[in-house]
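To start, the structure itself, in structure tokens.
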Amino acid sequence: MRATGRVVVLVLPEVNLLDLSGPVQVFDAAAHLGADYRLEYVADAAQVTSAQGLRLAGLGPLPEVGPGDLVLVPGPRLRAPTGDRPLVTEAAVAWLRAAHRSGARVAAVCTGAAALGEAGLLDGRRCTTHWTLIEHLRRRYPTARVADAVLYVHDGPVSTSAGISAGIDLALSLVEADHGPALTAAVARELVVYLRRDGAHSQLSPFLQHRAHLHPAVHRVQDHLAQHLDTPHTLTELAALAHLSTRGLTRAFTAATGITPLAYQQRLRLERAAALLTETDLPVEAVAARCGFRDERHFRRLFKATHGAPPSAARRGTR
């Protein structure tokens, strides 16, 4: 978890409205659920016309940003990747560089990645963008490691996403990094966008999978399991939380999600363990304990059965 602050949205000329509104609504929903996100819309002009013809007015000037701030760059329409019209002004490029130097995180949606490229923020980094711009990014920014067939990429403080709706996936992943899976699941439920995929692997995230239902008691149990991964749970305790009998909970949970409560819990724990193995230097024993596995050997067996390799292999893959 990290301290959060402003989400400073750089609105470029001919911005695509879905690239702007999708991610912004994720952060707005998170703020309404208690996260400390404060949206601020800026540009180097007081008014910008979107690609869809809607005029966006009342934009603030380019501000100073720093650690704790997130700069979001929604993608503009690019009429031709090799066109001579500059994507961003020199002032915006200088501001993006300064934002990065200040310690702010910078995230681009879709074609917004090209703005980061102009500022040099993609040099030496893994990144992605809309599929029509992949080859252009590779040619124009030869030191960038451009990935295709992924939804989004985080490389240190710089994040990029593929086209259009993938910006929602990117925003959800940033909320999860800041506030954890429980709040992220609540945001996804609020926006009815449960089936979001993990960016690097183009697969469904277990924390958001099995959420495309409208059963409040089952959601309550799912929220509780996501928030208490290290705590043992019995079916009786979970049933009490849902105000159902154990048989009633199992029936309702399976009907809503396609999986039993305890199997769902195990999937969450293994997913969290995989993240800890790749993102931290915690010993395998500590990872197992933090994810609710009391027996390290049992954890190793389950992890290998699920991921096809032992925990040590997951860790080596990130080094």
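What follows draws every value from the coordinates through simple rules; no lab data is involved. Owing to the predicted nature of the structure, the values given are computational and were not obtained by experimental measurement. All Cβ positions, even for glycine, are placed from backbone atoms using ideal geometry, and neighbour counts span all protein chains on display.
Against the longest principal axis of the chain, how steep is helix 216-227, in degrees 0 to 90 to the nearest 10, with axes from Cα atoms?
80 degrees
Okay, helix-only estimate at 222 nm for the chain: each DSSP H run of n ≥ 4 adds -39500 (n - 2.57), divide by all residues, round to 500 deg cm²/dmol; what do you get? All intermediate terms of the calculation are to be shown ahead of the outcome.
Numbers: 13 runs with 142 residues, N = 319.
So the calculated ellipticity at 222 nm is -13500 deg cm²/dmol.
Within the P(r) computed for the stretch 62-188, what percentage of the Cα pairs occupies the region above 25 Å?
Details: 1608 of 8001 pairs.
Summing the P(r) of the stretch 62-188 above 25 Å gives 20 percent of all pairs.
Could you work out how far apart the two model spin labels at ARG138 and ARG55 are, taking each label as a point 7 Å from the Cα in the direction of the beta carbon, and quote it in nm?
So the label points at ARG138 and ARG55 sit 4.2 nm apart.
Please list, ordered by chain and number, the residues whose modelled amide H lies under 5 Å from the amide H of LEU72; skip anything fewer than 5 residues away on the same chain.
So LEU72 has HN proximity to VAL8, VAL9, LEU10, ALA107.
Quick query: amide H of LEU39 versus all other amide H atoms, modeled in the peptide plane; which residues come in under 5 Å with a sequence gap of 5 or more or a different chain?
Those lying under 5 Å, H to H, from LEU39 are VAL7.
Give me the one-decimal nm value for the distance between modelled label points at SER21 and HIS298, 7 Å along each residue's Cα-to-Cβ direction.
Between SER21 and HIS298, the simple spin-label model gives 4.9 nm.
What is the Cα coordinate range of the chain on the first, second and third principal axes, sorted by size from largest, in whole angstrom?
Its Cα atoms span 64, 40, 32 Å along the three principal axes.
Length gain on complete extension for the stretch TRP131 to LEU214, per 0.36 nm per residue less the alpha carbon to alpha carbon distance?
26.5 nm
Report the charge-dipole magnitude of the stretch 213-319 in Debye, nearest 20, computed about the Cα centre from +1 at each Lys and Arg Cβ and -1 at each Asp and Glu Cβ. Each step should come with its number before you reach the end.
Working: 15 positive and 9 negative charges, 71 e Å.
Computed about the Cα centre, the dipole is about 340 debye.
Please report the antiparallel percentage of DSSP beta bridges with both residues in the chain, rounded to the nearest 5.
Values: 10 of 28 bridges.
Looking only at bridges with both residues in the chain, the antiparallel portion is about 35 percent.
Report, in debye and to the nearest 20, how large the dipole of the stretch 21-75 comes out about its Cα centre when Lys and Arg carry +1 and Asp and Glu carry -1 on their Cβ.
220 debye
Between ALA305 and ARG247, what's the calculated FRET efficiency when r is the beta-carbon distance and R0 is 35 Å? Round to 0.05.
On the way: r = 28 Å, r/R0 = 0.80.
The pair ALA305/ARG247 has a calculated efficiency of 0.80.
Points 7 angstrom from Cα along the Cβ direction at ALA255 and ALA94: gap in nanometres?
6.4 nm
For a protection proxy built on the mean count of beta-carbon atoms within 10 angstrom, sort 267-273, 111-117 highest first, please.
Numbers: 267-273: 21.0, 111-117: 27.7.
Per-residue Cβ counts within 10 Å, averaged per peptide and sorted highest first, yield 111-117, 267-273.
Specify which residue in the list THR257, ALA43, PRO67 is farthest towards the positive end of the charge dipole of the chain, using unit charges on the beta carbon of Lys, Arg (+1) and Asp, Glu (-1), about the Cα centre.
THR257
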